[in-house]
Amino acid sequence: MSAKIPYYQAVGKEKEVFEHAYKNKIPFLLKGPTGTGKSRFIEHMAHVLDKKIITISCHEETSSTDLIGRFIIKGAETVWLDGPLTTAVKEGSIIYLDEVAEARPDVIVAIHSLTDHRRELFIDKLGETVKAHEDFMLVASFNPGYQRGFKELKPSTRQRFIAVSFEYPESKIETEILVNETQVEQDVAKKLVAIGNKIRNLTELGLTETVSTRLLVDAAKIIQSGLPKRLSVHVAVVEPLTDDLQTTQALKDLCDLMI
């Protein structure tokens with residue numbers, strides 16, 4: 001692949017763990033809040049291993065049919081169309097099921113036989129079983145704290161994976177990420193990271209999601225392209241977090257003191 005390698009700053013031994021999971025054909029699970037670099041990590045590792053990656057962003061409507069495939073009408077005939085999971089299984093790609101716990105339960109059932117020694121996919125509608133290509137790898141992510149346990153992965157599913165937890169990086173690394181991603185000045189990056197950490201520690205606000213590295217990168221990008229710093233923080237960091245007017249104002253006031 002000649003494309004530029006997606007930037008990823010390692011925070012531990014996650015790269016080595018992923019490479020060993022790939023080598024040993026063990027499915028890989030990324031656990032952690034949104035915007036902590038899970039998707040970027042997988043893109044980075046696919047590039048390092050020179051593998052094609054197929055990403056599925058799962059939601060409550062995602063069904064096994066969406067992943068495995070379906071019959072479609074083409075002219076006067078009915079033809080079978082492989083879904084992204086079937087394609088990955090056959091061609092030996094990495095399939096990345098982002099937020100897998102959000103998908104319908106039949107998705108978990110469909111991937112079970114791919115996550116154990118069988119490494120095969122049963123296509124119910126064709127009555128066929130497809131053996132996974134030698135290079136096929138199943139990767140999934142989920143956010144354990146999201147909606148306070150409303151959508152959890154069952155232990156029986158989790159135990160089929162090697163799992164790594166992703167958290168927000170420590171300040172020094174997060175500052176490096178901002179500078180590398182946006183070319184914003186070091187001093188500004190440090191202030192943005194300080195704002196992120198401050199809001200993350202304000203547990204009494206009861207925010208469902210907190211400041212992700214992704215939001216800080218967005219703020220850095222628009223500061224770098226010329227939008228005033230405080231306005232950038234308001235629109236890229238504060239406004240996406242809450243719709244409560246008082247909380248929004250309190251957060252804006254706090255941020256204005258810090259940048």
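The values are calculated or read from the model by the stated rules, or taken from the named source; none is laboratory data. All values derive from a computational prediction rather than experimental measurement. Neighbour counts are summed over all protein chains in view; Cβ atoms, including those assigned to glycine, are modelled from backbone coordinates with ideal geometry. Remember, those area values only see protein heavy atoms, side chains included, never the ligands or the DNA or RNA. Shrake-Rupley method; radii C 1.70, N 1.55, O 1.52, S 1.80 Å.
Would you check if there is a residue in segment 71-90 being closer than 28 Å to VAL237 by Cβ, touching a Gly at 6+ places or on another chain (Cβ under 7 Å) and in contact (Cβ under 8 Å) with a residue 40 or more places away in the chain?
Within segment 71-90, the first condition is being closer than 28 Å to VAL237 by Cβ, and the residues that meet it are none.
No: segment 71-90 contains no residue that is closer than 28 Å to VAL237 by Cβ, touching a Gly at 6+ places or on another chain (Cβ under 7 Å) and in contact (Cβ under 8 Å) with a residue 40 or more places away in the chain.
Say we look at segment 34-64 and pick out the residues that are polar (S, T, N, Q) and more than 20 Å from THR86 (Cα to Cα); which of these is modelled with the highest pLDDT? Reasoning before the result, please.
Initial filter on segment 34-64 (polar (S, T, N, Q)): 34, 36, 39, 55, 57, 62-64.
After this cut, where a residue has to be more than 20 Å from THR86 (Cα to Cα) as well, the list is 34, 36, 39.
On the way: THR34: 83, THR36: 86, SER39: 91.
The qualifying residue modelled with the highest pLDDT is SER39.
Of everything in segment 204-227, what is of a type outside the set (S, T, N, Q), part of a loop (DSSP other than H, G, I, E, B) and over 17 Å from the mean Cα position of the chain (by Cα)? Give them in sequence order.
So the first thing to find is which residues in segment 204-227 are of a type outside the set (S, T, N, Q), and the list is 204-207, 209, 211, 214-223, 226-227.
Within this subset, residues satisfying the condition of being part of a loop (DSSP other than H, G, I, E, B) are 206-207, 209, 211, 226-227.
Passing the criteria: GLY206, LEU207, GLY226, LEU227.
This table checks each residue for (1) over 18 Å from TYR7 (Cα atoms); (2) hydroxyl-bearing (Ser, Thr, Tyr).
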site	(1), (2)
LEU178	no, no
VAL188	yes, no
ALA194	yes, no
ILE199	yes, no
GLU204	yes, no
THR210	yes, yes
ILE223	yes, no
LEU231	yes, no
ALA236	yes, no
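Any idea which of (1) free of Cβ contacts under 8 Å to residues at least 60 places away in the same chain; (2) within 30 Å of VAL17 (Cα to Cα); (3) not charged (D, E, K, R) is the one HIS234 doesn't satisfy?
(2)
What tally of residues in segment 156-179 results from selecting those that are open to solvent by less than 60 Å² (accessible area, probe 1.4 Å), in a helix (DSSP H, G or I) and closer than 25 Å to LEU241 by Cα?
7
Hey, any hits in segment 180-198 for a residue that's outside any loop (DSSP other than H, G, I, E, B), at pLDDT below 95 and touching a Lys or Arg at 6+ places or on another chain (Cβ under 7 Å)?
Yes, because at least one residue in segment 180-198 is outside any loop (DSSP other than H, G, I, E, B), at pLDDT below 95 and touching a Lys or Arg at 6+ places or on another chain (Cβ under 7 Å).
Matching residues to (1) crowded, with 19+ Cβ neighbours inside 10 Å; (2) assigned to a loop (DSSP other than H, G, I, E, B); (3) modelled with pLDDT under 95:
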residue	(1), (2), (3)
LEU81	no, no, no
THR86	yes, no, no
VAL107	yes, no, yes
ASP116	no, yes, yes
LYS125	no, yes, yes
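Filtering segment 44-65 down to residues that are assigned to a loop (DSSP other than H, G, I, E, B) and open to solvent by 70 Å² or more (accessible area, probe 1.4 Å), which residue is nearest to GLU19 (Cα to Cα)?
Our first condition is that a residue be assigned to a loop (DSSP other than H, G, I, E, B); within segment 44-65, this holds for 49-52, 58-63.
Subsequent filtering for residues that are open to solvent by 70 Å² or more (accessible area, probe 1.4 Å) retains 50, 52, 59-61.
On the way: ASP50: 12, LYS52: 15, HIS59: 28, GLU60: 31, GLU61: 32 Å.
Checked segment 44-65; the qualifying residue nearest to GLU19 (Cα to Cα) is ASP50.
Across segment 180-201, which residue is most open to solvent (accessible area, probe 1.4 Å) among those that are over 16 Å from GLY37 (Cα atoms) and acidic (Asp, Glu)?
GLU185
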